[in-house]
Every structure is written in C-alpha cells, then in structure tokens.
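*Asks:* Supplied in structure tokens, the structure appears directly below.
What follows draws every value from the coordinates through simple rules; no lab data is involved. As the structure is a prediction and not an experimental result, all values here were calculated from the model. Glycine gets a Cβ as well: all are built from the backbone with ideal geometry, and neighbour counts include every protein chain shown.
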Amino acid sequence: MARMQTLAVHAGTRQPVPDYHPVSPPLDQSVAFYYDSMTDLDAVFAGEADGYVYGRYGNPTVTAFEQAVAALEGAPEAVAFSSGMAAMHAALLAGGARSGTRVVCATDIYGASYALLARLFAELAVETTYVDIGDLAAVAAAVQAAQPVAVLCETLSNPLLKVADVAALADLAHANGALLLVDNTFATPYLYRPLEVGADLVVHSVTKYLSGHGDVLAGVVVGSAARAHVMRENQKLLGANLAPQSAWLALRGLRTFWLRVRQQFSGAATVANWLAGQGAIARVNYPGLASHPQHRLAARLFGELGYGGMMSFDLRGAGRAEVFRFMDALRLVFPATTLGDVFSLALYPAHSSHRQVPAEVRAALGITEGLVRLSVGIEDPDDLVADLAQALEASGLAQE
C-alpha cells in the first residue's frame, strides 16, 4: 500500500468513466490528460482520434462553449479565445493577413481593432485601406484598387451605429478574391447571422452580450471547419486560449442570452426615442430611429427583431468637461468601459474605446468630443430615462 505522502497526491484522481450525463456541463480545469494506453494518446496527438492532451490544445469545457456559439451562429465550428481582441487577431491571421498583403477595413470600427491594424499589423507590413463601409461604390473601388486578402467590418459599428450591408459586402469581397470578416458583437446572432449571407468569419467579443454579466473576458470566431483548423493550429503556438472557468461562466451566461437581449433591445428603443426628443441632445445614433440614414437597411436586415441595445448621442455644444459632468451625475447607469451587460453602461469614446484613434481621425469620422455611447441593460427603461433626465439637469445641460 502506498504511503501517506503518495496517497495525498493520488487519492481520488482515477475515477471511472461515468455512464450518466450532468445537466450542466462540468467545469474541467485540468491542464493535462492521460489515456489508458500510449497508443490512444498518440492517436489524439496525431489528430487521428478525438480527445484532449493539453490545455493549449483544447479543453472539454471550452469545447462545450464553442459548440454552443457555433449553433447560435449557424456555423460549422467556433474557436474561443482569451479576449475579443485575441479573437480579432486570430480572424485576421486566418483571413490571410501576412507581410505584403492588404486589408480593407471600415473607417468606423472599434478603436482597438483600428489600432491592431494601424500599429501591429502595419509593423508586420500589412497595409490597410479604410473606407466608409456604408458607401458600397467606395468599397467596390477600394477593394478593386487594393486587391485585399480580407474586408473587415462590424454589422453595427462602434460607436456610431452604422449598418453594414453584409450580403453586398460579401459579394464585393468574393468578386475580388477576398474574404469578408464581420464583427457581430453589437448585433449578436439574435439580430443577424452573417455567415448565412456570405461572410467567411464572424467575430464576437464574448465579454459583451453572449456572456452578458460583466464577469468574463473572452472572444470567439466562427466559420468553416477548415478555417477553424487554421485558428486552432495558430492557437497552439500563440497560446491565446480561453480559460476553462471563463468558458464555463460564458456558457452559463449564454443560456439566458435570448431573454436578456430581447429586454435590452426593447428597452433601447424606448430610451433612444426619448433622447431624440431632448433639446440637450444634438444627435442620436440608433438604427431604429427613422432619422437614422440607414434605418431602411437596418429594418431589412433585422426585421421585427429590433435594432440592438447600443446607441450613441451627442450632447449639444459639449466638450470633455461637460461630458464628464454628465457622466458623474448618472446614478443608475454605470460609467464603465464595456457593453452588453445586464447593467446599463455609458462610455466616453474619445477617452476610452477610441482613445488610440488619432483625434483628427475621430473628428473626421464624427466621433465628437461630446459623443456618449450608451449600452442599455435589462432595467426598466422608464427608470433609465429618469436617470438620464436627472443627469442632464444636474450637469446643467438640460434645455427647455
């Protein structure tokens, strides 16, 4: 019989394979896995048999989450990553971004995605052309001139809520030998599934709507089995894997995804309509408003499902100081740097999400010094309206 020191290490580790199925997928934290024979282990290493050998190569809990997201997006496969930006990096690599290649990217895009291309990929000799993704003629000209490996856009853009005609963009990209990469974080698979209309890879910051509770940092890319294989092989080298506990939390959050976003998107419509009627607000960017320049396109893409839970608005005549006063006066809405949470969240793009974008570029895009981005949570929308109203009043921005 083994001595106490050895028993303490090994006791309880060799459990029999169960013949039952837990209702909730278990959290498997193990970094490494062993098999009954070295032949079985070798077959998994060789890719001849399914299984797990090492956490950087795959994990059962992470696989369960990936399968759930793939099902929601109608995708053959999904690959999970440690953050949304790790997922974007992986998608660009899988999309063919290499030294000497070109990418065409929407001008209005998340600031970190802009910085990833403008800084890291530029240093690696990947050239990026930025174009107004809503101007299909301009996109066609840019794609024909650049002959890129990939076109990158967001279904609903961050932070100006521009709408991408994904099907038309897929046709333009494919006609010139390029892939279409779509960040679907704002829209979510509830509103839109880009793969179904021709997109090649779809990226999500899982941190946002899919997980939805502000306690997980994660990203995911969905696409074909062949492109998923490329991303998994790169992941083994780069190590940007999603941790099992984060995958377990994200999977738990995903179970209420449908209920959460229905409430958020409905509440956002109420809040956006109220903001549009306030004299202190110069402009509201929300595709559900008839005043939005792409309202008809959004209605065609999303139908009766809604227009998302995100909006942005310009405080009339405001600069940094006035925005700070407004944000400080909020009592129910949290001024925090994320979105898609059960809580409503306000963010100042000029100093957070788009801080890495040069000021002159922000100004040209319409990301003004008075722009506030709002992510509507699952609270009662009338309570959110009351909080926004008192903040406008308290900050001295309210107008009769």
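*Asks:* Fewest Cβ neighbours within 10 Å first, please rank 333, 221, 376 accordingly.
*Replies:* On the way: 333 24, 221 31, 376 28.
Lowest to highest Cβ neighbour count: 333, 376, 221.
*Asks:* Would you mind working out the magnitude of the charge dipole of the chain relative to its Cα centre, with +1 at each Lys and Arg C-beta and -1 at each Asp and Glu C-beta, to the nearest 20 Debye?
*Replies:* 440
*Asks:* For the residues 21, 89, what sequence is obtained by ranking on other C-beta atoms within 10 Å, fewest first?
*Replies:* 21, 89
*Asks:* Here is a follow-up. Between the stretch 110-134 and the stretch 311-352, what is the C-alpha centre distance in whole Å?
*Replies:* When both Cα centres are located, 26 Å separates them.
*Asks:* If you add up the charges near residue 128, with Lys and Arg at +1 and Asp and Glu at -1, over every other residue whose beta carbon is less than 11 angstrom from its beta carbon, what do you get? Numbers along the way, then the final one.
*Replies:* Working: positive: 102, 119; negative: 127.
Overall, the nearby charge balance is +1.
*Asks:* After finding the eigenvalues of the alpha carbon gyration tensor for the chain, what semi-axes result from the square roots of 5 times each, listed largest first in whole Å? Walk me through the numbers before you get to the answer.
*Replies:* Working: eigenvalues 315, 145, 67 Å².
Value: 40, 27, 18 Å, ordered largest first.
*Asks:* Just add up the charged neighbours of residue 266: K/R +1, D/E -1, any other residue whose Cβ is under 15 Å from the Cβ of residue 266.
*Replies:* -3
*Asks:* On a full-extension model of 0.36 nm per residue, what is the gain between residue 386 and residue 53, subtracting their alpha-carbon distance, rounded to one decimal in nm? Could you put the intermediate results ahead of the total?
*Replies:* Values: separation 333, 0.36 × 333 = 119.88 nm, distance 5.40 nm.
Stretched fully, the residue 386-residue 53 segment lengthens by 114.5 nm.
*Asks:* How would 246, 205 line up from fewest to most surrounding beta-carbon atoms within 10 angstrom? Mind dumping the intermediate values first?
*Replies:* On the way: 246 23, 205 29.
Going from least to most buried by this count: 246, 205.
*Asks:* Got a sec? Charge dipole of the stretch 257-394, +1 on Cβ for Lys and Arg, -1 for Asp and Glu; which of 338, 274, 378 is way out at the positive end?
*Replies:* 338
*Asks:* Then there is this: For the stretch 151-195 and the stretch 25-49, what is the separation of their Cα centres, given in Å?
*Replies:* Comparing the Cα centres of the stretch 151-195 and the stretch 25-49, I get a distance of 37 Å.
*Asks:* So what's the net charge close to residue 221: Lys and Arg +1, Asp and Glu -1, counting the other residues with Cβ under 11 Å from its Cβ? If you can, show how the numbers build up before the last one.
*Replies:* On the way: positive: 227, 232; negative: 66, 73, 77, 183, 200.
That sum, taken over residues with Cβ under 11 Å, equals -3.
*Asks:* Right, here's the next one. Using a/c under 1.5 as the rounded threshold, could you call the stretch 242-400 rounded, prolate or oblate? The axes a ≥ b ≥ c are square roots of the C-alpha gyration tensor eigenvalues, and prolate needs a/b larger than b/c, oblate otherwise.
*Replies:* Rounded, because the longest to shortest axis ratio a/c is under 1.5.
*Asks:* Still on this structure, I have one more. Identify the trypsin sites (Lys or Arg not before Pro) of the stretch 242-322 meeting these criteria: DSSP loop state and at most 12 other C-beta atoms within 10 Å of the C-beta.
*Replies:* Sparse-neighbourhood loop trypsin sites (Lys or Arg not before Pro): 255.
*Asks:* Compute the angle between helix 60-73 and the longest alpha-carbon principal axis of the chain, please, reported from 0 to 90 degrees and rounded to the nearest 10.
*Replies:* For helix 60-73, the angle is close to 40 degrees.
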